[in-house]
Amino acid sequence: MTTPRILIVEDDSYMRNQLKELLKNDYQVFTSGDRDEALSVFKYTKPDLVLLDLYLPPDIYSSKIGMDILQRILEIRNNTKVIVITGSNDNKDALSAVDMGVYAYITKPFNIDDLKVLIKGCLYIQKLERENKALHQELEKRWNFEGIIGNCPQMCQVFSIINKAAPTDYTILIEGETGVGKELIARALHSRSPRKEGPFIVIDCTVIPEGLLESELFGYEKGSFTGAYRTKRGKIELAEKGTLFLDEIGDLPISLQAKFLRFLEESKIQRIGGVSPKKVNTRVIAATNKDLKLGVTKGSFREDLYHRLNMISIKIPPLRERGSDILLLADYFLKKYSEGKRLSSEAKNALFQHDWPGNVRELKNRIQKAIAMSSDNLISAGDLGLEIKNSYRNKSSLRHAKQDVEKEYLITALRNNKGNITHTARELGTHRIVIRRLMKKYGISKEKFMPSYKGQLEFPRRNIMSKLKILVVESDKALRIELVWHLKKHYEVFEAADRHDALTYLKKEKRPDVILLELYLPPRRDTLEDGFYVLQKFKERIPEAKVVIITTATEKEVMDKAKEEGADAYLQKPFELEELEDTIEELSQSVPQGKERRKYWRDDEGKGIGVEKRKQWRVSCELPIQWVLVEGESPLKGETNTIDISYSGVSFPVETPIAPNSVLDMKLSLPSHLPKLAVKAVGVVRWLVKLKNEYTYRLGVEFVEMKYAHRKAIADYIYKL
């Protein structure tokens, strides 16, 4: 991996040298102090990033020189990233530079750490852009075979036959409906054959009248018929050492078929009016949209010629059977004939529903028409001249029935796997990219199958959050912002930039369910110590939380140690956002839900206290008093009664005087097997009449002499009445 190159354009020599010293350990740094030198160095070094001071000599009070350099840089290499440095409090010039295409601007004086973060984020985005471009180019190569766009299984089989048949000299018959691209297939065969340097001659048997077709194919001698004032070579001769493509061979007159068959068998022709045959070296590729076997049966096509032509057969599927290739072709034509225009969801659905009797040719024409007719960059079904159909045509009912079965099968698998695309793909024996493509095709959203997080916890007074909580611990500001922005669509997301920020979430109420953790964290970014420390603390205090390590480290020892410390998954930078989504989806299946979701309080030994045990942390008092309340009277005479207070199944008898509306004030200690906390129970007596003269009263609870963390943890699970 090459070290990124940075060009610093700054007239202040002190600042220029300081910046170079601060950046040279991480990047290749070049410097310049004026316009001419800057452009010269830029052309020679081809930097990835330019730090450009807008105010340069000779007029250091104007941004004219800096803006001129910026314009020239973007003209020479428009993929170069530029960060503008400005010393003016008026950001008007900087904002104008941003409109021209710079990545960002920073105002003097600035913190060098802020600049480093800006540079790192800028270069990371540039890297993503380059990878994205390379991926698009690779996909275009994969989908573009000699100018033929296609990725469906049928077309892949066609491409395979072309690769095998092209190097041979066998006659090839291409069969397919009108508009499927038979000539493109023939040209692909020619360009991949040893004859690619020779001519590629096309003759359409339906265009040329029957009386002239023989002379077009075989040529004629001078004086052979009226008007033959000179000798003319036929198409077969013109294709010498090349390829002759006969389109619509099914329309070749029966009177010419015998002569053409003789040419195929002997590789010799005789011009009209000629006296001797002539040897030719021409390969023949024929195409038809008719059923030649039916023509043989009817007698309109010679059987021996059919077999001679059909040495290798290539059948091109109609567009309606090519599935996702329809969108590939539509996007290809959009990019070819327009800039910035795209298809609406309605238009895409209409493309899939249309039967395409004219195949690719019809699609091309409709796209060109839509480009001309659409009033904005979003092309609708109406612009294409198509309608969304509520019912399918009878002649394609089998195909749509198959699609219905496919859709239902996919929905069932997604439901079984709770919307997890990776597990669904595994169940169906395919790749998750295929699952995503099918979901997009049928308009299926994974969210409807994912488990809900709306189940309440034990007590309704808690403020329950319905979304999964994710903490992003990442020192790279650009990557952190990108991850937060992407994940917040579906989750509740928090962020931390260093060890200190991350550990504060152990003390907050909104504790995360999933932690995305970078191991190289400030303040010691050159080691893994802070990252592993954060990992240990989270796993110690919140063992139910899932931790995903995201780092540039590749050593097996690092991965093994992270696994030993409790990491649940590992992502190597750079990674795809879809890969991260799949990882979170998979881990979220095992995140506690409902009453089990917030098991985070810990005792002195570091062992978790389960929800079932916490349910018993409630105060209840039984008042076995033998009397009946009479309205307006107080039957109690101040005698002492026994109150049993129960904690976790252990009773604490307390003797105290009780009277109506009296205040009970007790202080007691919990047994040794429970946290060593003192609890003060305070409440006002509310008498209730029950059968058998038994009364039940629940006390309010206050806490004294407790640490904040313990008080907060227990308060979440005890009613305060």
Turns out the strands (runs of 3 or more DSSP E) fully within the range 230-331 with at least 1 residues that are under 26 Å from Gly181 (Cβ atoms) and in contact with a Ser or Thr (Cβ under 7 Å, 6 or more places away or on another chain) are 243-247, 283-288
Residues in the range 57-94 that are exposed (fewer than 13 other Cβ atoms within 10 Å of the Cβ) and either in contact with a strand residue (DSSP E or B) (Cβ under 6 Å, 6 or more places away or on another chain) or within 28 Å of Lys133 (Cβ to Cβ) (or both) total 4
If I filter the range 261-272 for residues that are closer than 23 Å to His307 by Cα and among the acidic types (Asp, Glu), do I get at least one hit? yes
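Run down Phe225, Phe245 and say which single residue is of a type in the set (Phe, Trp, Tyr) and under 45 Å from the mean Cα position of the chain (by Cα). Walk me through it before giving the result.
Working: Phe225 fails: under 45 Å from the mean Cα position of the chain (by Cα).
None of the others qualify; the one that does is Phe245.
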Hey, can you tell me all the residues within the range 333-347 that are crowded, with 17+ Cβ neighbours inside 10 Å and modelled with pLDDT of 85 or more? Phe333, Leu334, Leu343, Ala347
Can you tell me how many residues in the range 335-351 are closer than 16 Å to Gly385 by Cα and assigned to a helix (DSSP H, G or I)? 7
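The values are calculated or read from the model by the stated rules, or taken from the named source; none is laboratory data. All figures in this text were calculated on a predicted structure; none of them were measured in a lab. We place every Cβ from the backbone using ideal geometry, glycine too, and count neighbours over all the protein chains shown.
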